[in-house]
Amino acid sequence: MKRIQALLGIILAATSLAACARMDRLDYTRIYSRAGWQKPDRVIETLVIPVGATVADIGSGSGYFTLELARAVGPTGRVYAVDVDAGIHWIESRLVTGEDSGLPVDVSLVFLCNSYHHLPDRPRYFARLRTRLQPAHRVAVVDHIHDLSGILRLFVSTGHWTPEDLLAREMQAAGYELSERHDYLPTQNFHVYRPESASAAR
């Protein structure tokens, strides 16, 4: 029994140490809300979205980031949201499929939070998207980390993630390359991609 307890102690200590590097990224002043681990204000600040821009929030769910994006672009901009009813006139809800984004050509930023892994054929989807939007558009993907350990695992539903190497391969297959990678979110990866031709032109 003592050996089992000792072994369990070692396992707990190991998983806690592995999680420590990411635990310090939590905002403990807001730990009881999504803002404590999602850091929406910092995510939006990182993207440097110009006022008046046109943005698409793919898989917007309850509209958590849709409203943040709407504040960033302001009333002269436009946010296209999927399956969301919102009361701000510069947000337009659109019902789209896993095959076609249904977005107009003026979109300069496509944002996905916890929704990338839900798309069925991602390389095909983003390859189509690349030919339809502004040539220098960006795709920002915030998705859960697949190998979280310790207490941080409680923040993630099983299977709701995309491994980084798979994301990179799929986006490359769709004609994109990594432009930015940010590590400040405790339970999620944050990558920004650009079309390969646009990245080469910069």
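The values are calculated or read from the model by the stated rules, or taken from the named source; none is laboratory data. What you are looking at is a predicted structure, and each value in this text was computed from that prediction instead of being measured. Positions of Cβ are backbone-derived with ideal geometry, glycine not excepted, and every protein chain shown enters the neighbour counts. Keep in mind that these areas ignore ligands, DNA and RNA; they rest on the heavy atoms of the full protein, side chains included. Shrake-Rupley method; radii C 1.70, N 1.55, O 1.52, S 1.80 Å.
Residues in region 158-191 that are open to solvent by 50 Å² or more (accessible area, probe 1.4 Å) and of a type in the set (Gly, Ala, Ser): 173 alone. Would you check if there is a residue in region 84-101 being surrounded by 13 or more Cβ atoms within 10 Å (Cβ to Cβ), at pLDDT 85 or above and closer than 15 Å to residue 133 by Cβ? No, every residue in region 84-101 fails to be surrounded by 13 or more Cβ atoms within 10 Å (Cβ to Cβ), at pLDDT 85 or above and closer than 15 Å to residue 133 by Cβ. In the set (1) at pLDDT 70 or above; (2) under 21 Å from the mean Cα position of the chain (by Cα), residue 75 fails one condition alone, (2).
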